[in-house]
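What follows is a short report on a single structure.
The values are calculated or read from the model by the stated rules, or taken from the named source; none is laboratory data. Just so it is clear, the model here is predicted, and its values are computed rather than measured. Neighbour counts run over all protein chains shown; Cβ positions are idealised from the backbone, glycine included.
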Protein chains: 6
Amino acid sequence: MTTQQPRQSAIAARSSTFPKLNDLTQNLVFGDIWERPQLSKRDRSLITVATLVALYRTDQLRNHLIRALNNGVTKEELVEVITHMAFYAGWPTAANAAAVAGEVFDERGI
Amino acid sequence: MTTQQPRQSAIAARSSTFPKLNDLTQNLVFGDIWERPQLSKRDRSLITVATLVALYRTDQLRNHLIRALNNGVTKEELVEVITHMAFYAGWPTAANAAAVAGEVFDERGI
Amino acid sequence: MTTQQPRQSAIAARSSTFPKLNDLTQNLVFGDIWERPQLSKRDRSLITVATLVALYRTDQLRNHLIRALNNGVTKEELVEVITHMAFYAGWPTAANAAAVAGEVFDERGI
Amino acid sequence: MTTQQPRQSAIAARSSTFPKLNDLTQNLVFGDIWERPQLSKRDRSLITVATLVALYRTDQLRNHLIRALNNGVTKEELVEVITHMAFYAGWPTAANAAAVAGEVFDERGI
Amino acid sequence: MTTQQPRQSAIAARSSTFPKLNDLTQNLVFGDIWERPQLSKRDRSLITVATLVALYRTDQLRNHLIRALNNGVTKEELVEVITHMAFYAGWPTAANAAAVAGEVFDERGI
Amino acid sequence: MTTQQPRQSAIAARSSTFPKLNDLTQNLVFGDIWERPQLSKRDRSLITVATLVALYRTDQLRNHLIRALNNGVTKEELVEVITHMAFYAGWPTAANAAAVAGEVFDERGI
């Protein structure tokens, strides 16, 4: 049973320097948006991961891959998201994501 | 009962000029990738729409919003995807998508 | 004395379809963030215009050029922002912005 | 025999408003960079078109497709650049470019 | 009193390999554009930092945060620029910038 | 005589996790697209390098600079591509590429 958790985000780690941004992140993005019932957390993880792959946001992708697994997206589904993204955002974004995902899967032991 | 269909894509409309690209689009992207069972068509529509919103690919977004509705994503879910994207790809991408989605919803009468 | 105002944004125009996004736009983005004293409205207009130029967000750029002028950024300064951006985001983004800004200046009669 | 020429660029059309940017465009970008012998004009057209396709710079792409043809890149080569780009920058960028290129080819009668 | 200076840029470090690019950087970008009076250095730093945050140009952002502080932008203003950018370019770009800025502030002792 | 080869790509390194993506990379992208006679390998390297510079795809750029040299693009031409890109995708993309290219040239001893 995995207990892999996202690392502390850059914003949380600098919360005293970025108090407004940290407050918005905790109370609006995670406390409100992610909790809205119009879209499941699994679906929100799918679209967030896809966006981070497409925009080549490497550091944030790592944590959201972990969140996605914790939200019930399977390893097989994440592999397929990255494969699908190769066509919609280009091979280099998929190659970058494959490297990051491989490390997340290794660390989780899946 | 809606019969709204995606318009002919730019690649299909120029298939005689772009025969290889059109062949790959029909037989690989839609004929193979979208049909793979590792991810449902509904899920593929979710991540494709999210990617097109995030990358500000206005023309392709229109058709994939129609496909998403045809693949079972609801209007309410698409609205929520765009709202979620405001935080992950920026307000201007969400504003652009809201304009396009509004027209698609109007045309479909939903 | 100019009375040029930003056009109704795409989100506001679709507020009944996108109630959460519209609420966040009115009450958080414009009602809170833009009002924070840590950065003047003039400075916020400068960085918002620069971002929209750099990201090639054509439709949103138009309205924020009008807001910038209303917030005290001069025409000469906007021209210089766009010239500066040519080096930091590439000539095509500056060319696009020059076209949009030219129309805004014409409409305003400056 | 074609006489298709690029349309006046947005910067040239607004040269009195953007004098520095116009001067840099005429005398540095086209007058110096494009004339450097380290890379042929044909090769510069190839990489410029690829960049404009990848970055989805629709308006600037149109003119540089015309320049590319005038610099000796063939229609068949441009079609292949766009097909290649589908893999390196994603299908939506190729679809957008295919639409623009189709119009340029039609206008030129090739 | 700080003496924190930008590190040698990648282009300057490779000036013998990239002589034209280095010459343009020194004599045009810094020697001409940044010195033009139409926009103050403080304002140029604001828009350059905003652009580098929005485009996720991590390595160049570090040096321009240092330049911004040297040009009179305060730490509090940079924090606010990054907070503002979260809305206009997306949370992941702000998170990345918060990490880089935190390191710059630490190194400077502010 | 150089024997510098691209490092194993992220996708190839994770081929057992990403079997479909690896198969497409080997058999379609490299096995089919790069082999098509409509564009020489040298020309494909030029446009691929330009795209990776413009999109700031640092990790993939490294390998494609090596491939470009192996496909007959000279060091002087690559330097000029990066210089040209400064104008079409912005100085930060050129600075990033200059750093990566400098390392590739050093490793190759050119």
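Below is a table of values for the structure above.
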| quantity | calculated |
| --- | --- |
| Given (1) closer than 30 Å to E:G109 by Cα; (2) facing another protein chain (nearest Cβ under 9 Å), number of the condition E:R36 does not satisfy | (1) |
| Where C:H64 falls short, out of the listed (1) buried (at least 19 other Cβ atoms within 10 Å of the Cβ); (2) out of contact with any Ser or Thr (no Cβ under 7 Å at 6 or more places or on another chain) | (2) |
| Selection status of B:R62, on the phi < 0 side of the Ramachandran plot, out of contact with any Phe, Trp or Tyr (no Cβ under 9 Å at 6 or more places or on another chain), part of a helix (DSSP H, G or I) and in contact (Cβ under 8 Å) with a residue 12 or more places away in the chain | yes |
| Residues that are at the interface with chain F (Cβ under 7 Å from one of its Cβ atoms) and within 9 Å of D:A54 (Cα to Cα), drawn from segment D:86-96 | D:Y88, D:A89 |
| Every residue from segment B:73-110 that is among the aromatic types (F, W, Y), under 16 Å from the mean Cα position of the chain (by Cα) and surrounded by 22 or more Cβ atoms within 10 Å (Cβ to Cβ) | none |
| Qualifying residue in segment D:73-91 (condition: in a helix (DSSP H, G or I) and farther than 20 Å from B:F18 by Cα) | no |
| Condition met for C:A50 (under 30 Å from E:K41 (Cβ atoms), assigned to a helix (DSSP H, G or I) and of a type in the set (G, A, S)) | yes |
| Any hit, segment A:57-66, residues being closer than 18 Å to B:V53 by Cα and either within 14 Å of the chain's Cα centre (by Cα) or among the hydrophobic types (A, V, I, L, M, F, W, C) (or both) | yes |
| In segment C:4-37, the residues that are touching a residue at least 24 places away in the same chain (Cβ under 8 Å) and of a type in the set (S, T, N, Q) | C:Q4, C:Q5, C:S9 |
| Cβ pairs under 9 Å, 6+ apart, first in segment B:66-77 and closer than 16 Å to B:E103 by Cβ, second aromatic (F, W, Y) and part of a helix (DSSP H, G or I) | B:L69/B:F105; B:K75/B:F105 |
| Filtered residues of segment E:53-62 (kept if facing chain F (nearest Cβ under 9 Å), closer than 14 Å to C:A89 by Cα and not hydroxyl-bearing (S, T, Y)) | E:L55, E:R57, E:Q60, E:L61 |
| From D:L28, D:L39, residue being in a loop (DSSP other than H, G, I, E, B), modelled with pLDDT of 95 or more and surrounded by 12 or more Cβ atoms within 10 Å (Cβ to Cβ) | D:L39 |
| Output for segment E:4-18, where each listed residue is within 17 Å of the chain's Cα centre (by Cα) and either under 21 Å from F:I110 (Cα atoms) or in a helix (DSSP H, G or I) (or both) | E:A10, E:I11, E:A12 |
| Filter result for the condition that a residue is within 30 Å of E:W34 (Cα to Cα) and free of Cβ contacts under 8 Å to residues at least 40 places away in the same chain, over F:V53, F:V100, F:V49 | F:V49 |
| Subset of segment B:1-33 that is among the hydroxyl-bearing types (S, T, Y) and away from every other protein chain (no Cβ under 11 Å) - its residue that is nearest to D:V81 (Cα to Cα) | B:T3 |
| Among (1) surrounded by fewer than 24 Cβ atoms within 10 Å (Cβ to Cβ); (2) at pLDDT 95 or above - the single one D:I47 does not satisfy | (1) |
| Residue within segment B:63-75 that is within 11 Å of chain C (Cβ to nearest Cβ) and at pLDDT 95 or above present | yes |
| Output for segment E:1-21, where each listed residue is over 17 Å from F:E103 (Cα atoms) and either in contact with a strand residue (DSSP E or B) (Cβ under 7 Å, 6 or more places away or on another chain) or of a type in the set (S, T, N, Q) (or both) | E:T2, E:T3, E:Q4, E:Q5 |
